[in-house]
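To start, the structure itself, in structure tokens.
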Amino acid sequence: MRYLTAGESHGQALTAIIEGIPAGLALSAELINKELKRRQGGYGRGARMRIESDRVHISSGVRHGQTTGAPITLTLQNKDHQKWLDIMAVEAVEEQIKFKRKITHPRPGHADLVGGIKYRFDDLRNALERSSARETAMRVAVGAVAKAVLTELGIETANHVLVFGGIEVAVPEAMPFTDIKKAAEASDLSIVNPKQEATIKAHIDQVKKEGDTLGGIIETIIHGLPAGLGSYVQWDRKLDAKIAQAVLSINAFKGVEFGMGFDMGYQKGSQVMDEIIWHETSGYSRRTNRLGGFEAGMTTGQPIVVKGVMKPIPTLYKPLMSVDTETHEPYKATVERSDPTALPAAGVVMENVVATVITKEILEQFPSDNMIDLKQAFFAYCDYVHHF
């Protein structure tokens, strides 16, 4: 499985082409749209979410509600593009139009300046448009297709916010996966402790008044994987490394950890490793899951637990100082439409990005042209692991 995305934040549309999805997978635009709606929700989202109501168009690779094995083409129209027809025109335009919404005051923390330097842009908008988090809508659409494959294999995914703008969410100890998923999806903050919602929302409102933004830490959980996905034989085949790269590819994500993560640096080995147990009915398992479901780049059969840290959104309504790229004079950074926080949406993106990596790994380990063959191969392997 592989895919490419294309499109700009205020361009005509976002597009993705996905190759490698087996034939015979039940897939509809409505299934993808449900996932896109999750991304557009969440407390703290701004005006763009009231403009866009993402509805995907599938133009290839699906017939009569079933994938055909051919490349799948997904398109998301940008409704906001109607206000940017001249500014984002594909064809050559008059000189005065080029200066409309031109950006020469790069925002600290965004791609504006470095992208302009790298690609030799005199208008930094060219960097801004492609590097915008709007692109993550298509990452979610691709993830929805990947999750459809995982669902057929009995694999579930969830995400929730652990730290929201410096406020640590109190997560009940040993909270079951199903409870985490249910509670987080019922919360417009994507947290599992409803008692903290009022405090966090008040914090978001105050930060918004100050013209500032908030980041946080998100946890994604993948439940139902067998032991042995990934490999230790080469550095680039380690599945946790692939997930780490994918998480860090999400806009504004700056760190990733598995299980106990960086806390392991403060512990002894006996406080970190997951003891192995065996039962005649369930086979091998672990007493704990401190390593987050991985050993030596391979799944252990425990849930995958991966955390990602998202920096505060770099577009500030009370902008930081910058420099005009034409005059080199100090100026306040450009202000584009932004949100005080996008953590709940980022959690949906992270969940779908991780799901995409897992699906790709499964399709590499169990190459199949159709879902019948994939399910037979996957469940046969699960049975082998169970009786090892």
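Starting from the Cα-Cα distance between ARG2 and PHE262, subtract it from 0.36 nm times their residue separation and give me the gain in nm to one decimal.
Value of the extension gain: 90.5 nm.
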(message) How much of the pair distance distribution for the chain lies past 40 Å, counting alpha-carbon pairs only, in percent?
(response) 19
(request) Choose one of ALA333, PRO303, GLY115: the residue whose Cα lies farthest towards the positive end of the charge dipole of the stretch 2-386 (beta-carbon charges +1 Lys, Arg; -1 Asp, Glu; about the Cα centre). (result) ALA333
(message) Using a 7 Å offset from Cα along Cα-Cβ at GLN376, what residues in the stretch 149-190 end up with backbone N under 19 Å from the label point?
(response) 152-154
(message) Along the Cα→Cβ direction, 7 angstrom out, place labels at VAL90 and ASP123. What is the inter-label distance in nm?
(response) 1.7
(request) Loop only per DSSP, at most 14 neighbouring Cβ atoms within 10 Å: give me the trypsin sites (Lys or Arg not before Pro) in the stretch 170-272, ordered by residue number. (result) LYS268
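Looking at the stretch 142-211, which GluC sites (Glu not before Pro) are in a loop (DSSP not H, G, I, E or B) and have at most 10 other Cβ atoms within 10 Å? Intermediate values should be presented prior to the final figure.
On the way: sites: GLU152, GLU156, GLU168, GLU173, GLU185, GLU197, GLU210; in loops: GLU173, GLU210.
When the GluC sites (Glu not before Pro) of the stretch 142-211 are filtered for loop state and at most 10 Cβ neighbours within 10 Å, GLU173 remain.
Working out 0.36 nm times the residue gap between MET321 and ILE276, then minus their Cα-Cα distance, what length gain in nm do you get to one decimal?
Details: separation 45, 0.36 × 45 = 16.20 nm, distance 5.44 nm.
Computed gain between MET321 and ILE276 is 10.8 nm.
So which chymotrypsin sites (Phe, Trp or Tyr not before Pro) in the stretch 229-302 end up in coil per DSSP with only 12 or fewer other C-beta atoms within 10 Å?
On the way: sites: TYR232, TRP235, PHE253, PHE258, PHE262, TYR266, TRP278, TYR284, PHE294; in loops: TYR232.
Those satisfying the criteria are TYR232.
Using a Förster radius of 35 Å, what is the FRET efficiency between ARG101 and LYS34 based on their Cβ-Cβ separation? Nearest 0.05, please.
0.55
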(request) For LEU189, list long-range residues whose amide hydrogen, built 1.01 Å from N in the peptide plane, is under 5 Å from its own amide hydrogen. (result) TYR43
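So which of LYS102/LYS318; LYS83/LYS311; LYS208/LYS254; LYS181/LYS268 end up more than 26 Å apart by C-alpha? Don't skip to the answer; put the middle values down first.
Values: LYS102/LYS318 20 Å; LYS83/LYS311 30 Å; LYS208/LYS254 22 Å; LYS181/LYS268 31 Å.
The answer is LYS83/LYS311; LYS181/LYS268.
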(request) Quick one: among PRO71, PRO330, PRO108, which has the greatest mean-square fluctuation in a GNM of the chain with alpha-carbon springs under 10 angstrom? (result) PRO330
(request) For the chain, with a Gaussian network of springs between Cα atoms less than 10 Å apart, report the residue from THR315, THR356, THR199 with the top mean-square fluctuation. (result) THR199
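Bear in mind these aren't lab numbers, they're just calculated from the coordinates by the rules spelled out. Everything quoted here is computed from the prediction, not taken from an experiment. All Cβ positions, glycine included, derive from the backbone under ideal geometry; neighbour counts span all protein chains shown.
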